[in-house]
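Contents: one structure, followed by commentary.
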Amino acid sequence: MTRRAHLIALSALTLAFAAAPQTALMAQPQGSGAFYVAEIATPMDATRMAAGGVAWACEGTSCVASRGTARPLRICHELKRKAGAITRFTVDGEPLADEQLARCNA
């Protein structure tokens with residue numbers, strides 16, 4: 001293989017590896033990988049909003065968001081202020097305990 005052909009092949013391989021993570025992210029269903037997942041009591045009209053310092057994407061009664069810097073209970077409470085009662089709030093796959101969810105909705 002000539003030096004030029006080798007460089008072209010190496011460049012193509014580098015581009016393929018660089019694009020792979022982005023392609024994998026685009027192929028994931030919406031909501032996967034979300035740090036916060038909330039179920040609200042009534043469906044939202046808005047599909048996107050900011051609450052608790054994070055950007056939420058909502059569809060029907062389900063809302064998801066990436067990780068924020070505030071405490072999860074505060075983020076939950078701020079979402080409740082904008083979206084109404086929260087029936088379930090999950091942080092990194094772990095649901096809030098019943099007493100914490102009650103404090104969120106207070």
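Every number in this text was worked out from the coordinates using simple rules, so none of it is lab data. Because the structure is a prediction, the values reported are computed rather than measured. Glycine gets a Cβ as well: all are built from the backbone with ideal geometry, and neighbour counts include every protein chain shown.
Residues whose amide H falls under 5 Å from that of PHE35, counting only those 5 or more places apart or on a different chain, are ALA65, SER66, ARG67, with hydrogens built in the peptide plane.
Can you compute the charge dipole magnitude of region 31-105 about its Cα centre, using +1 on each Lys and Arg Cβ and -1 on each Asp and Glu Cβ, nothing else charged? Give it in debye, rounded to the nearest 20. Working shown, then result.
Values: 9 positive and 8 negative charges, 60 e Å.
Roughly 280 debye, rounded to the nearest 20.
Among the trypsin sites (Lys or Arg not before Pro) in region 64-103, those placed in a DSSP loop whose Cβ has at most 15 other Cβ atoms within 10 Å are ARG67.
Globularity index of region 31-105 is 0.93 (Cα radius of gyration / 2.2 N^0.38 Å, N = number of residues).
Of the residues CYS58, CYS63, the one with the fewest other Cβ atoms within 10 Å heads the list, and the complete ranking is CYS58, CYS63.
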